[in-house]
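Written below as structure tokens is the structure these notes are about.
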Amino acid sequence: LASFLALLHEPLVLDTVRAAAPLVVPEPQGRTDAIRDRLGRFLDRRRMQLVLGWCDWVDEVLGGRPPEPVLAHGDLHGYNQVWDRGSWTLRLVADFESSGPTDPEYDFRYFPPHDSSGAFVTAIRDAYMELTGRTVDMARVLAWHIRTALGDALWRILGFAVLHMITRGMGSRP
């Protein structure tokens, strides 16, 4: 993963893609304002206080000066990776639909939950930094991860709520 990201994040790649097509900055599933406004209906007071604190921290971290943009994949979760199980070699990365210019840490956002110790994301970060000479700010990685996870939770909850309203309404029809 570090090798793939190091190649994708080369400045020439972003310059080449920018010259060929218009790009949109990728965004995770939820903004902190939407998370603050909408998630509270589904959480008790204690959990919502935690969420509000996380959103404040995310805004503080991501509100700082971002690093130089790279061409980020934008959606580098496990379902968009094909691995050779014999050699554990990355064979394919799919779904570049969300690709665009943003900070390199954005592409690391799906890695933190892969193990509770943080060793997985740390190993990828360390190899990436060695290959690129760039610094990866783990606070930014975690901030992007929190926005992604909470935004995804909100998206799923709202989708379930709409589906419930539709199916409940269908059940009352003749």
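Observations on the structure shown:
- J(HN,Hα) series, the range 70-87, from Karplus relation 6.51 cos²θ - 1.76 cosθ + 1.60, nearest Hz, glycine and proline x: 10, 7, 8, 5, x, 8, 8, 7, x, 6, 9, 10, 10, 10, 7, 5, x, 10
- Whole-percent pair-distance distribution, where bins are 10 Å wide, for the alpha carbons of the chain: 9, 32, 32, 18, 7, 2, 0
- Evaluating 6.51 cos²θ - 1.76 cosθ + 1.60 at θ = phi - 60° for every residue in the range 151-156, the Karplus couplings come out as x, 5, 4, 4, 4, 5 Hz, glycine and proline recorded as x.
- With Cα atoms, 0 to 90° folded angle of helix 119-132 axis to the chain main axis: 40 degrees
- Applying a DSSP loop filter and a limit of 13 other Cβ atoms within 10 Å to the GluC sites (Glu not before Pro) in the range 27-107 leaves 97.
- Using the Karplus relation 6.51 cos²θ - 1.76 cosθ + 1.60 with θ = phi - 60°, the per-residue 3J(HN,Hα) values for the range 138-146 come to 5, 5, 5, 4, 5, 5, 4, 4, 4 Hz, with x marking Gly and Pro.
- Anisotropy class of the range 44-120 from Cα gyration tensor, a/c 1.5 cut: oblate
- Amide H contacts under 5 Å for residue 72: 100, 102, restricted to partners 5 or more places along the chain or on a different chain, H placed in the peptide plane at 1.01 Å from N.
- Placing +1 on each Lys and Arg Cβ and -1 on each Asp and Glu Cβ, with no other charges, gives the chain a dipole about its Cα centre of roughly 960 debye.
- Coil-residue trypsin sites (Lys or Arg not before Pro) of the range 48-114, DSSP, other Cβ within 10 Å capped at 13: 85
- Amide H partners (placed H, <5 Å) of residue 83, local residues excluded: 91
We did not get these values from a lab; they are worked out from the coordinates using the rules stated. Worth saying up front: this structure is predicted, and the values here are computed from it rather than measured. Because the Cβ atoms are built from the backbone with ideal geometry, glycine has one as well, and the counts that use them run over all protein chains shown.
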